[in-house]
Amino acid sequence: MAKTSTTTQGLRAAIERSGYYPALVAEAVEAAVGGEAIKSYLVHQETTFDANEVRRHVTVLVLTANRFIVSHTDEQAADTTSPTPYATTSTESVKIGRISSVVLSRVVANPESYTPGTLPREVVLTIGWGAVSRIDLEPAACGDPNCEADHGYTGSSTADDLSLRVSEAGDGPETVRQALAFAQSLSEATADTTR
């Protein structure tokens, strides 16, 4: 990482604020970013409940001039394969030109009195680059209610490589603002047709 960049320093501070194995997460992100300057970032730490266990994980999204980088870290309890708890960190680097869709869904309260610039209650950022697709199928039918013929299936394929939900109640208003800013930066980067 370009160590003198205020954006880089902000990313490192956000990773540390998440409190989720900051040295491990920062090292993985720094290795993936390399020497490129960071244009935008988003750090999202989430706690989930799995049966009788509480599990945490963190996702870090980074945008450089040429790449979109995703880092995800999960913690695991001791199990039959490991006598001690452990964490798994993965990073993926995607060329900006490979990103096929950036979807930002906003949830706002009292839409009838919405004022432009008001922070949404929550946002869901979905990014597709072709690594994972979801296919939803259902039996096809015709308009005849008495028809018993097999009409095959109909459905849709959706690029769904990453979906991240951030809420004001759960993550705080600053994280929602950061998600909006990151989505805008990524969307603008994908609009550049020279990539």
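Key figures
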{"item": "Per-residue [θ]222 nm for the chain (sum of -39500 (n - 2.57) over DSSP H runs n ≥ 4, rounded to 500)", "result": "-7500 deg cm²/dmol"}
{"item": "Efficiency of FRET from Cβ geometry, ALA140 and SER93, R₀ 41 Å, rounded to 0.05", "result": "0.55"}
{"item": "Residue-by-residue Karplus 3J(HN,Hα) for the range 149-155, coefficients 6.51, -1.76, 1.60, Hz, glycine and proline x", "result": "6, 8, 9, x, 10, 10, x"}
{"item": "Per-pair calculated FRET efficiency, R0 = 35 Å: THR7 and ARG121 via Cβ, rounded to 0.05", "result": "0.80"}
{"item": "Under the Karplus curve 6.51 cos²θ - 1.76 cosθ + 1.60, θ = phi - 60°, whole-Hz ³J(HN,Hα) for the range 27-35, x wherever Gly or Pro sits", "result": "4, 5, 5, 4, 5, 6, 6, x, x"}
{"item": "Helix 6-18 vs. the chain, principal-axis angle (Cα, 0 to 90°, nearest 10)", "result": "80"}
{"item": "Cα long-axis angle, helix 173-191 against the chain (0 to 90 degrees, to the nearest 10)", "result": "70"}
{"item": "Cα-based shape type of the range 72-195, given that a ≥ b ≥ c are square roots of the gyration tensor eigenvalues and the cut on a/c is 1.5", "result": "oblate"}
{"item": "Amide H partners (placed H, <5 Å) of ALA37, local residues excluded", "result": "ALA65"}
{"item": "Note, ³J(HN,Hα) from phi for the range 112-121, Karplus 6.51, -1.76, 1.60, rounded to Hz, x at Gly and Pro", "result": "5, 10, 5, 10, x, x, 5, 5, x, 5"}
{"item": "Centroid-to-centroid separation of the range 1-71 and the range 91-123 [C-alpha atoms, Å]", "result": "19"}
{"item": "Amide H partners (placed H, <5 Å) of VAL108, local residues excluded", "result": "ARG121"}
{"item": "Rotationally averaged projected area of the range 2-120 (alpha carbon convex hull; nm²)", "result": "10.8"}
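No lab work stands behind these numbers, since they all come straight from the coordinates. What you are looking at is a predicted structure, and each value in this text was computed from that prediction instead of being measured. Note: ideal-geometry Cβ built from the backbone for every residue, glycine included; neighbour counts use all protein chains shown.
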